[in-house]
Amino acid sequence: MANLLVDERDAKFVLYEQLNMEELCESDAFSEFSREMFDMVMEAAQKLAEREISPTNVEGDAVVVRVLMSHPEDTGLLKGPDGKIIPAHFIQKVTCTNNGKTVLDCDWGTAISKNPFLEFRFKGGKSGDKVAVTWLDNKGETQTDSTTVS
């Protein structure tokens, strides 16, 4: 079964490659420890997390929303290669809904980068809910993307 709580390979890389735990275990002060002991502790911690901690992640916990929006985000202050001003074209409003109920509503301006990334959390979502993110720009263009909470 895939480990959704922690990447075991990353944890071992940090312990054994970055922190050199095996070298530390060779010193007199830590000679009673070994790589096998660290591996057993990590395995026991994983089992504890899967059996005891993960089940407490219940309905009502925060849902994390991450969205990358494809948009030029031109301020109207820069010139193009031809020397002419590039017209302003930027997202003005972003709205996120969970099953049709607004959970985020924000107004943006020209100080947002091209292809903006947005991440936020909201409480009350559960598996199966439909989350939708909609943006509206200063030219009246709009886009909506949606997904289902897993």
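The values are calculated or read from the model by the stated rules, or taken from the named source; none is laboratory data. These numbers were taken from a predicted model, which means no experiment stands behind them. We place every Cβ from the backbone using ideal geometry, glycine too, and count neighbours over all the protein chains shown.
Looking across the range 89-119, the residues that are surrounded by 14 or more Cβ atoms within 10 Å (Cβ to Cβ) and in contact with a Ser or Thr (Cβ under 6 Å, 6 or more places away or on another chain) come down to PHE90, THR95, THR110.
Annotation: of all residues in the range 131-150 being more than 18 Å from the chain's Cα centre (by Cα) and of a type outside the set (Val, Ile, Thr), the one that is surrounded by the fewest Cβ atoms within 10 Å (Cβ to Cβ) is GLY140.
Filter the range 51-77 down to the residues that are assigned to a loop (DSSP other than H, G, I, E, B) and loosely packed, with under 11 Cβ neighbours inside 10 Å, then identify the one that is modelled with the lowest pLDDT.
Just the residues of the range 51-77 that are assigned to a loop (DSSP other than H, G, I, E, B), to begin with: 57-62, 69-73, 75-77.
Among the residues that remain, those that are also loosely packed, with under 11 Cβ neighbours inside 10 Å are: 57-60, 70, 77.
Working: ASN57: 64, VAL58: 62, GLU59: 54, GLY60: 58, SER70: 93, LEU77: 93.
Taking the candidates together, the pick is GLU59.
Out of everything in the range 78-99 that is assigned to a loop (DSSP other than H, G, I, E, B) and free of Cβ contacts under 8 Å to residues at least 24 places away in the same chain, what residue ends up being nearest to ASP145 (Cα to Cα)?
We begin by selecting, within the range 78-99, every residue assigned to a loop (DSSP other than H, G, I, E, B); these are 78, 80-84, 86-88, 90, 99.
When the remaining residues are screened for being free of Cβ contacts under 8 Å to residues at least 24 places away in the same chain, the result is 78, 80-84, 86-87.
Numbers: LEU78: 30, GLY80: 30, PRO81: 33, ASP82: 35, GLY83: 35, LYS84: 33, ILE86: 27, PRO87: 26 Å.
Going through the qualifying residues, I end up with PRO87.
Cβ-Cβ distances below 9 Å connect the following pairs, each with a first residue in the range 25-51 that is among the basic types (Lys, Arg), a second residue that is part of a helix (DSSP H, G or I), and a separation of six or more residues or different chains: ARG35/LEU15; ARG35/TYR16; ARG35/MET21; ARG35/GLU22; ARG35/CYS25.
Test VAL65 against the stated conditions and say whether it is in contact (Cβ under 8 Å) with a residue 40 or more places away in the chain, closer than 15 Å to GLN143 by Cα and aliphatic (A, V, I, L, M). No: the conditions fail for VAL65.
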